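Everything below concerns the one structure shown next.
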Amino acid sequence: MLFRAFKKTCLFCCGLICAAFLFEAVLRCIELTPAWKTLPVAEVSLYGPDAKTAYTHRKNVKGIWTTENRAKISTNEFAIRSNGRHNFIKNPDAKNIGIIGNSIIEALQVADIDTFVSQTEEILRSRINSINVHNLGLSGTTPVIELERSKYFTELLDLDTLIIINSPANLTHRIEYSQGGSLPFYTMDEIGNIRINRKYLKSRGYKIRTSIIGDAFYFLMNHSKLFTVLNNRMNRGLLDELQINKVQQTAHSSENTNTCPNEAIESLKILSQTQDNNSQRTHALINHLLGQYSALQNRTGVKIIYAFYDNWKSCPKTLTQSAHTALIAMLENNNIEYYDLKSDLKSHLPPNITLQDLRGFASPKGHLNYTGHQVFSSTLSNYIINNYSNE
Amino acid sequence: MRFDALYFLFFFAIVYGLSKIPRIGPAVYILASFLFYIVAGWQDLALIITMIIFNYGASFYVSRSKIVFSTTVAINLATLLYFKYSSFLGSSLGANEIFNTQIIIPLGISFYVFQMIAYQVDIVRGTCRQITSFPRFYLFVAFFPQLIAGPIVRANDISNQINRLFKKGQRNNTIISLGLGLCLLGLVKKVILSDSLAPIVDTNFSIMPDTALAAWQGILTFTFQIYYDFSGYSDIALGLGYLLGIRLPINFKQPYLAKSPQEFWQRWHITLSQWVRDYLYIPLGGNKIKGPIKQLTALILVMTLMGLWHGANWTFAAWGASWGVAILLWRIGAPFFNKRPLVSWLGTLLVTVILWVFFRAPNMGFALDYLQIMFTPSTLNMNNLSWIWSGMIVLGGLHLLEGRYYNLKGIKLMKKINQPFCWGILIGLCFTILLLPKALDNPFIYFRF
């Protein structure tokens, strides 16, 4: 009786294992055929833990991104988005340009060769001999993570030029990211040292990810679609379906209108005022941040350009003008070049296309679409050719 | 609750486990059905319980008094009209757009109201026995696998099974592999196929396609999406019922292989078609009506009402009425079509696909514009569409193959492999499919009706 029950249990478990292999095989078959564009696939898990910035891309990961728009993407041996080539070899004679910023630069919604970084490289290569443009974008990045990544990649890739693409709101609001709990947040002390909060580094999740178990899980994720699905599901929550309606309601309520967004107004006020304590503290922190970039510039010889893409379209002009002036002054004081990316993009727009048309795939909101990447690459390559082709 | 959610798997595992405990099976089913519907909200729950109590009480008197019977049916219909059609009727016959809005009508109301009306009529006709015990009647109406989107069950179909369950704790012999196999088949249809097609359809029906090819692609995609969605739900319902020892009626038999519009309705949402036939069409005279004009009128009336059953929108009325016309045309052309089965099949499929435009379009204006684009010649640009068209061929192939396993042979095979090893594979596959995260909230389409 007991033996029969044991035998049945063993057979049942064997069946479960077979199901896992079958599911793995089905997912792999889907990825091998054009069906990956429509049928369910395991969304690639790109990120891993990092002691300095809490998370970063993992090296040599390949897979399909499914959110917003499906695309085959990969990272290279430097743990940055590949431009479609995996065997990048450092060449001391080559010019290296890095473009850093958030998910707009990271551009997981399009294939490696369709990102504006990759396209910029292609345009520049047709004009300048031996040039590489590196995609240093990372989703959800904050100004201090960008600084940390800038320091690291400038030396690793021998960058000659570093273009930081940011919004003023991101600079003013996320320079000090002090959410509590076990989320990663970053603080910068008065001499510019950046720290992740201890609570995050001590959290169970972070500890597991940096342990042998974490290594094993990342190994399995690199080699198994089932584990990738499992990881995605764990990240979203096992009871995900109960939460979907709430998420949709939040997304709906945050849709913007034609008025100046609250975040932009606050950012403008902080930049244009210097009287209140909050503004003073933010100005001091921005100055520290820019000072760090300036030091990096002096130490390594990299040319740093701060490109701004603001959301000030419908905001009061007096505020935007004084904020612009304040930003330019802070950059000038630290010997960093200012680049008004948004104005330049407007001048490169094809006929009948607006800035809003550059974003979103099926829906009108979201990350850069294919047109967006084309406009960004032509704008940036033009700017680089006009300003730096002689250097 | 939704069958395609991981939490439902855990819920069902608990229900199944508890139902195995001797003598508490019926109580577990009743409690599970209650909990299953609670997720829809307290108001919906209050409504269904009120309706069950009312119909249970009325069932003792309907056969004695015509007035009681008429009042009972009228109250059931009035409830449906009020909750489903009041905004449609109230706003000077404006339409409800059901695909782009949240579900606002009480969940499953169209299904359980029709089920209870059929029950009252059957009692009066003497074609079914009255269910005298309230818990049994509650289970007959609210048995959770079929509660929200059918199949529309007749008392004759399951009252004996429920009685056996209550009396002796006996359930039908369960071939676990068959139940699990049906659940897996339903999940594949819903999660792998239907949900994958949903974004393509949504895009096509939110922005008017600019070429005939794109318009045909959009509606063909919807043709498969709705079939895999609804038949997927029905397969899971059948599978769950089977696992719990209650056999539910089949709702689909490869509808896109039908060789006439009439046959289509014998293969598509079979339980609804039978309901309409038995409680609407035949009482109106059925096939005995003489004269093509009278026949046409009766058919259009019945089919329009069936169309409106799906939703409070003129598009559904147009969809139903057009089906009425199509059925009559095939009847008139029977001598021609009977000799040419291939032409008849292609014609039926074409009619089905074209009429889905009314079903899916948000309003009549959109539907007519969409149809106009479908029949406007345009240049063929197959660049981006070729893989979608290839997909259509594959989906059609899968539909064709269904008959190969959805038959007695299939059941015998499942009986043969009814072993723990096979259960492991089937449960494992169901679990892994449910693990796939959902980027969009795509409830079963028929939850909206």
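Filter segment B:126-156 for residues that are of a type in the set (Phe, Trp, Tyr) and closer than 21 Å to B:Ala237 by Cα and give the result.
Correct list: B:Phe137, B:Tyr138, B:Phe140, B:Phe143, B:Phe144.
Among the residues of segment A:206-223, which ones are exposed (fewer than 13 other Cβ atoms within 10 Å of the Cβ) and assigned to a helix (DSSP H, G or I)?
A:Ile212, A:Ile213, A:Asp215, A:Ala216, A:Phe219, A:His223
Being modelled with pLDDT of 75 or more and more than 14 Å from chain A (Cβ to nearest Cβ) is the filter here; which residues of segment B:386-409 pass it?
Hits for segment B:386-409 are B:Gly396, B:His399, B:Leu400, B:Leu401, B:Glu402, B:Gly403, B:Asn407, B:Leu408, B:Lys409.
Take the conditions within 14 Å of chain A (Cβ to nearest Cβ), at pLDDT 90 or above and under 13 Å from B:Phe3 (Cβ atoms) and apply them to B:Leu238. Does it pass?
Criteria not met by B:Leu238.
If we keep just the residues of segment B:414-426 that are crowded, with 20+ Cβ neighbours inside 10 Å and more than 7 Å from every other protein chain (Cβ to nearest Cβ), which is farthest from B:Ile236 (Cα to Cα)?
B:Met414
Has segment A:165-185 got at least one residue that is modelled with pLDDT under 75 and in a helix (DSSP H, G or I)?
Yes, some residue in segment A:165-185 is modelled with pLDDT under 75 and in a helix (DSSP H, G or I).
All but one of (1) within 23 Å of A:Glu106 (Cβ to Cβ); (2) at pLDDT 90 or above hold for A:Asn298; which doesn't?
Tallying (1) within 23 Å of A:Glu106 (Cβ to Cβ); (2) at pLDDT 90 or above, A:Asn298 fails exactly one: (1).
Yes or no, residue by residue, for (1) more than 18 Å from the chain's Cα centre (by Cα); (2) buried (at least 20 other Cβ atoms within 10 Å of the Cβ); (3) part of a helix (DSSP H, G or I):
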{"site": "B:Gly232", "(1), (2), (3)": "no, yes, yes"}
{"site": "B:Gln266", "(1), (2), (3)": "no, no, yes"}
{"site": "B:Ser273", "(1), (2), (3)": "no, no, yes"}
{"site": "B:Tyr279", "(1), (2), (3)": "no, no, yes"}
{"site": "B:Asn287", "(1), (2), (3)": "yes, no, yes"}
{"site": "B:Thr297", "(1), (2), (3)": "yes, no, yes"}
{"site": "B:Leu301", "(1), (2), (3)": "yes, no, yes"}
{"site": "B:Thr304", "(1), (2), (3)": "no, no, yes"}
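Cβ-Cβ distance below 7 Å, separation of 6 or more or different chains: which pairs start in segment A:59-85 with a residue that is within 19 Å of B:Pro437 (Cβ to Cβ) and end on one that is part of a strand (DSSP E or B) and polar (S, T, N, Q)?
As it stands, the answer is A:Val61/A:Ser74; A:Val61/A:Thr75, since those pairs meet every condition given.
Within segment A:1-32, how many residues are out of contact with any helix residue (DSSP H, G or I) (no Cβ under 7 Å at 6 or more places or on another chain) and more than 9 Å from every other protein chain (Cβ to nearest Cβ)?
So the count comes out to 11.
Any chance you could count how many residues in segment A:33-48 are more than 17 Å from B:Val191 (Cβ to Cβ), in contact with a helix residue (DSSP H, G or I) (Cβ under 9 Å, 6 or more places away or on another chain) and part of a strand (DSSP E or B)?
1
From the list A:Ile304, A:Ile353, which residue is β-branched (Val, Ile, Thr), at pLDDT 80 or above and not in a loop (DSSP other than H, G, I, E, B)?
None of the others qualify; the one that does is A:Ile304.
Just name the residue that is nearest to the chain's Cα centre (by Cα) out of those in segment B:236-257 that are assigned to a helix (DSSP H, G or I) and among the small types (Gly, Ala, Ser).
It comes out as B:Ala237.
Return the residue satisfying two criteria in turn: it lies in segment A:290-306 and is surrounded by 21 or more Cβ atoms within 10 Å (Cβ to Cβ) and in contact with a strand residue (DSSP E or B) (Cβ under 7 Å, 6 or more places away or on another chain), and of such residues it is nearest to A:Asn166 (Cα to Cα).
A:Tyr306
Of the residues A:Ile336, A:Ile286, only one is at pLDDT 80 or above, closer than 25 Å to A:Asn387 by Cα and assigned by TED's automatic domain parsing to the domain that holds A:Val144; which?
Values: A:Ile286 fails: closer than 25 Å to A:Asn387 by Cα.
Unique residue meeting the criteria: A:Ile336.
Pairs needed: first member in segment B:185-206, closer than 25 Å to B:Ala367 by Cβ; second member anywhere, modelled with pLDDT under 85 and hydroxyl-bearing (Ser, Thr, Tyr); C-beta distance under 9 Å; at least 6 residues apart or different chains.
B:Ser196/A:Thr38; B:Leu197/A:Thr38; B:Pro199/A:Thr38; B:Ile200/A:Thr38
Residue-by-condition table, conditions (1) outside the structural domain of A:Leu285 (by TED's automatic domain parsing); (2) farther than 29 Å from A:Leu285 by Cα; (3) of a type outside the set (S, T, N, Q):
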position	(1), (2), (3)
A:Phe308	no, no, yes
A:Cys315	no, no, yes
A:Leu319	no, no, yes
A:Asp340	no, no, yes
A:Pro351	no, yes, yes
A:Gln356	no, yes, no
A:Asn382	no, yes, no
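Just a yes or no: is a residue in segment B:192-206 more than 14 Å from chain A (Cβ to nearest Cβ) and not hydrophobic (A, V, I, L, M, F, W, C)?
No, segment B:192-206 contains no residue that is more than 14 Å from chain A (Cβ to nearest Cβ) and not hydrophobic (A, V, I, L, M, F, W, C).
Within segment A:1-38, track down each residue that is touching a Leu at 6+ places or on another chain (Cβ under 6 Å) and either β-branched (Val, Ile, Thr) or without any contact (Cβ under 8 Å) to a residue 12 or more places away in the chain (or both).
Selection gives A:Ala19, A:Ile30.
Looking at B:Ala78, is it more than 25 Å from B:Ser133 (Cα to Cα) and either away from chain A (no Cβ under 14 Å) or at pLDDT 90 or above (or both)?
Yes: the conditions hold for B:Ala78.
The values are calculated or read from the model by the stated rules, or taken from the named source; none is laboratory data. All of these numbers come straight from a predicted model, not from anything done at the bench. Note that we place each Cβ from the backbone using ideal geometry, even for glycine, and neighbour counts take in every protein chain shown.
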